[in-house]
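What follows is a single structure, written as structure tokens, with notes after it.
Where a number appears in this text, it was derived from the coordinates with a stated rule and is not lab data. Computed from a predicted model, the values in this text were never measured in an experiment. Please note: Cβ atoms are built from the backbone with ideal geometry, for glycine as well, and neighbour counts cover all protein chains shown.
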Amino acid sequence: TLVTPNLGTVATGNLSNSAIVYPAGHIIQVKGAENFHNQAFDDAVDVIIEVSLTNVQASSYVSIFTSCTVNLNNADTEGFETAIYRKATSMGSAGTAISGATRVNATGGSSSSATFTYHGIGGNGSDPSNNLYLQTPFWCIDESPDTGTNYYVLGGSAYQATYPPALVHDGNCTIILMEIAQ
């Protein structure tokens, strides 16, 4: 007969033992960041916002939600593309070119998966009615994060940057990461 002691109400403590097995689908940790800044884009992929997850466990997935408000302004054809990148070290502050990072696929499929916002207005010069402020949300799952620390970046680049797309005024950018047990 196994007798267990009566522990009563446990008032303090944490689940920090590496031998703990979380059930599949359990959210292990959540981290996020947001910023408001101005940033113009060319055809290089630049950091928009970055956040890191530490102590990522083996076989976890990371669910990534991002959003930013972009201004497409007065061009015949203008576009803005965002994608998620992962690296074991920081990729830098907003505006830094992304180098040596792994692009995270939106659904575990094509490596070119990204969100794309496009604006074709017929080139009406400086007519302010041709300014579009668009929300560009993005969601994906990283099915193979590294164990330990992972830095995730929402990166952005321009398409046909005669009048470059930009984060302006209230260029709110958000990224939320959730480590999920598998």
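What does the charge count near E179 come to, summing +1 for each Lys or Arg and -1 for each Asp or Glu among other residues with Cβ under 13 Å from its Cβ?
Residues close to E179 contribute a combined charge of -1.
Add +1 for every Lys or Arg and -1 for every Asp or Glu among the other residues with Cβ under 12 Å from the Cβ of I48, and state the total.
My count for the surroundings of I48 gives -4.
What list of ³J(HN,Hα) values in whole Hz, one per residue of the stretch 51-64 in order, does the Karplus curve 6.51 cos²θ - 1.76 cosθ + 1.60 (θ = phi - 60°) give from phi, with Gly and Pro shown as x?
Result, rounded to whole Hz: 8, 10, 10, 10, 6, 5, 7, 4, 6, 6, 10, 10, 8, 10.
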